[in-house]
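Comments concern the structure below.
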Amino acid sequence: MTIHEPATAYVAPPGKHQPHKRFALFNLGFRPFYLCGAACAAIALAVWLLVLGGVPISGGYLLKTNPVGWHAHEMLFGFAGAVIVGFLLTAVRAWTGRNTAQGAALAGLVALWLAARVLVWSGPALPAAIVDSAFMPVAALVLLRALMQAGNRRNYFIVPVLFVFGALDAAFHVFTTSGRADLAMRCIYAAAGIVVLLVSVIGGRVIPMFTANAIPGFVARKWRPVELAAGPVTVLALFADAAAIDSRVVFVLAAVACATHVARLVGWRSYRVRGPAILAVLHLAYAWIPLGFALLALSAAGRVPHTIAMHAFTAGVIGGAIIAMVTRTARGHTGRPLVADTRDIASYALVMAGSALRVFGPLLAPHFAMLWIAIAGTCWVLGFALYLGGYARPLWRPRADGKPG
């Protein structure tokens, strides 16, 4: 019930397993990157709420020239990017039985991410763009090495996906420094599409398996046409929207994507899952995908603001999937029970409530849009702050069961 699917378990080389050591932050990728991602979510969103509230915040480069762009960039390339890399470094080691990055190599990758956050905040623009854009390609090469050593071709797809994510980051900086904030936001929309694709692909692998493991006798159906279509329709709809294709095309693609993901949830019988909370939250997070596509179709038809649809994907899908997975995998890979405690459930509730308020509040009462955003953002800050408070110690220290990782 950890994030590996298979067959080969990682075996530490001789001398690597030293459970008596008290410091384990750089033992495996999820440890530092989950903490960094959660801290980024809480801090960046708190800063954004202050900016929206009119509080003067000193910052150079991106925050100064394009505050909306800074917010969107840091939530996707900073927050989500850190968690994606932490998850994949851990998952690829489990899938292949090969080490990905640990010790000094992992610390160096974390330092690159941290340097990017500082430079994006302070500038100068060129070093910020170079360092920030380098993070995903470097992480992709680390993962590629482990996949090639193991001959694990099934998961090669994650390498080009991360390279495209990094290319969109670079393009975002180019457009921003060229004064084309509109095109920079198009890069953000496309990058959000890539993260939603990863949620769709990885969720399709693990959610039915986790459900069957947790609920005796539970059988989830996987219809082959639906499974084959889920990834392509997700990419086509979100990339068509990002590229500003004719709205009628976006409407049709978004409607097809919505129907495809609804069919997936029906096959998984997500409507029957009531608990445990650590499982139910995965189904709830995935349910934001068809909801996001429904809102995107309405946006293409001129019925819903585009930002509402995008926040269904970024806050609902990405935020929901991240809080679900960073609790589950952190528990599993630190040797703790796969049962959500009170703090975990509170973090789920806050992140999901914040996402719902951000999406539906401005729709129901648009005159109070800023109030809804402030409340929603506060929920998110508290949700990820709770995660930091509950998981900083376990992620910093060796596994409770004494195993490597």
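Details
- Conditions (1) within 30 Å of Ala116 (Cα to Cα); (2) assigned to a helix (DSSP H, G or I); (3) at pLDDT below 95; number of the one not met by Leu197: (3)
- Positions within segment 354-381 being of a type outside the set (Val, Ile, Thr) and touching a residue at least 40 places away in the same chain (Cβ under 8 Å), in sequence order: Ser355, Ala356, Arg358, Pro362, Leu363, Met370, Ala374, Ala376, Gly377, Trp380
- The set of residues in segment 332-361 being at pLDDT below 95, buried (at least 17 other Cβ atoms within 10 Å of the Cβ) and not aliphatic (A, V, I, L, M) consists of Gly332, His333, Thr334.
- Residue within segment 395-405 that is touching an Asp or Glu at 6+ places or on another chain (Cβ under 7 Å) and outside any helix (DSSP H, G or I) present: no
- Every residue from segment 208-249 that is free of Cβ contacts under 8 Å to residues at least 12 places away in the same chain, of a type in the set (D, E, K, R) and under 30 Å from Arg274 (Cα atoms): Arg224
- Arg358 being of a type in the set (D, E, K, R) and within 24 Å of Trp48 (Cα to Cα): yes
- The criterion of at least 1 residues that are surrounded by fewer than 24 Cβ atoms within 10 Å (Cβ to Cβ) and not assigned by TED's automatic domain parsing to the domain that holds Ala125 is met by none of the helices (runs of 4 or more DSSP H) falling completely within segment 44-102.
- Residue match in segment 175-196 (condition: more than 25 Å from Ala237 (Cα to Cα) and either among the β-branched types (Val, Ile, Thr) or crowded, with 17+ Cβ neighbours inside 10 Å (or both)): yes
- When every residue of segment 118-141 is checked against the conditions, at least one turns out to be outside the structural domain of Leu282 (by TED's automatic domain parsing), in a helix (DSSP H, G or I) and of a type in the set (D, E, K, R).
- Applying the set (1) modelled with pLDDT of 90 or more; (2) under 22 Å from Ile375 (Cβ atoms) to Arg31 leaves exactly one unmet item: (2).
The values are calculated or read from the model by the stated rules, or taken from the named source; none is laboratory data. These numbers come from a predicted model, not from an experiment. All Cβ positions, glycine included, derive from the backbone under ideal geometry; neighbour counts span all protein chains shown.
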